[in-house]
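Worksheet: the structure to be examined is printed underneath.
The values are calculated or read from the model by the stated rules, or taken from the named source; none is laboratory data. Not measured: the values here are computed from a predicted model. Don't worry about glycine lacking a Cβ; one is built from the backbone with ideal geometry, like all the others, and counts go over all protein chains shown. Side chains are part of the model used for accessible areas, which takes the heavy atoms of the whole protein and leaves out ligands, DNA and RNA. Shrake-Rupley method; radii C 1.70, N 1.55, O 1.52, S 1.80 Å.
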Amino acid sequence: GAVVSQHPSRVICKSGTSVKIECRSLDFQATTMFWYRQFPKQSLMLMATSNEGSKATYEQGVEKDKFLINHASLTLSTLTVTSAHPEDSSFYICSAPRSTGNTEAFFGQGTRLTVV
Amino acid sequence: DQQVKQNSPSLSVQEGRISILNCDYTNSMFDYFLWYKKYPAEGPTFLISISSIKDKNEDGRFTVFLNKSAKHLSLHIVPSQPGDSAVYFCAAKGSGSARQLTFGSGTQLTVLP
């Protein structure tokens, strides 16, 4: 079964509103989670690294004031897209690596955001 | 600058035959490589991985080969099945404590019945 749960899977919002996406690790604690964005027919692009108890680290070109990340507990990270615009429409995916060894990162189911 | 490249956006293979998906990388600091499978509107699911100290890892129908000198890895699926049709992403992890993955652009595999 899924070890990383992402919610919602699909959301449509009006331009100018904010949308919150949740990412939960289900059976392990994740001190670090990653948020990716995927445009159609393109790769997954890392947006930011979410760190439990501290500020997120954003990749170059990603607006931290627009994409607010909160990692309030060891099992939950949230991404809030503020003042959404149609160009923010995309597929957002979170992932969480297990804390030991070089094991694979587990991904959430993804969130399809459509801003109208 | 793309550090992980999948130069074939698509591949079609007949059921029962071998599928070979290729991936090239430029960063010699990558020490761990992974293959993920992704269906539309879903998150990627892990398939198989390989450490940079190895040149081959096999798991059932899936085998990953790593050629460090050529900075090239490949995923072999044999025999291919229609259910294998999906987008396959190659990913790499750098050495050190950072665990974020760098992804290739993906290859759409279609297995024809």
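Data table
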| quantity | calculated |
| --- | --- |
| Residue list for segment B:3-25, filter: of a type in the set (Val, Ile, Thr) and either within 13 Å of chain A (Cβ to nearest Cβ) or more than 15 Å from the chain's Cα centre (by Cα) (or both) | B:4, B:13 |
| Residues that are assigned to a loop (DSSP other than H, G, I, E, B) and over 20 Å from residue B:2 (Cβ atoms), drawn from segment B:26-68 | B:39, B:40, B:41, B:42, B:43, B:53, B:54, B:55, B:60, B:61 |
| Filter result for the condition that a residue is at negative phi, over 12 Å from the mean Cα position of the chain (by Cα), of a type in the set (Ser, Thr, Tyr) and within 12 Å of another protein chain (Cβ to nearest Cβ), over A:57, A:75, A:32, A:49 | A:57 |
| Only one of A:50, A:43, A:90 that is open to solvent by less than 20 Å² (accessible area, probe 1.4 Å) and in contact with a His (Cβ under 6 Å, 6 or more places away or on another chain) | A:50 |
| Any strands (runs of 3 or more DSSP E) falling wholly within segment A:38-116 and containing at least 1 residues that are at pLDDT below 90 and more than 30 Å from residue B:107 (Cβ to Cβ) | A:44-51, A:67-73 |
| Tabulated pairs, segment B:61-76, first over 21 Å from residue B:12 (Cβ atoms), second in a loop (DSSP other than H, G, I, E, B) and small (Gly, Ala, Ser), C-beta under 8 angstrom, 6+ apart or interchain | B:66/B:52; B:68/B:52; B:71/B:28 |
| Filter result (of a type in the set (D, E, K, R) and either within 11 Å of residue A:110 (Cα to Cα) or within 7 Å of chain A (Cβ to nearest Cβ) (or both)) within segment B:39-55 | B:42 |
| Single unsatisfied condition, residue B:49 versus (1) under 14 Å from the mean Cα position of the chain (by Cα); (2) of a type in the set (Gly, Ala, Ser); (3) loosely packed, with under 14 Cβ neighbours inside 10 Å | (3) |
| Criterion (among the β-branched types (Val, Ile, Thr), more than 19 Å from residue A:9 (Cβ to Cβ), open to solvent by less than 40 Å² (accessible area, probe 1.4 Å) and in contact with a strand residue (DSSP E or B) (Cβ under 9 Å, 6 or more places away or on another chain)) met by exactly one of A:82, A:111 | A:82 |
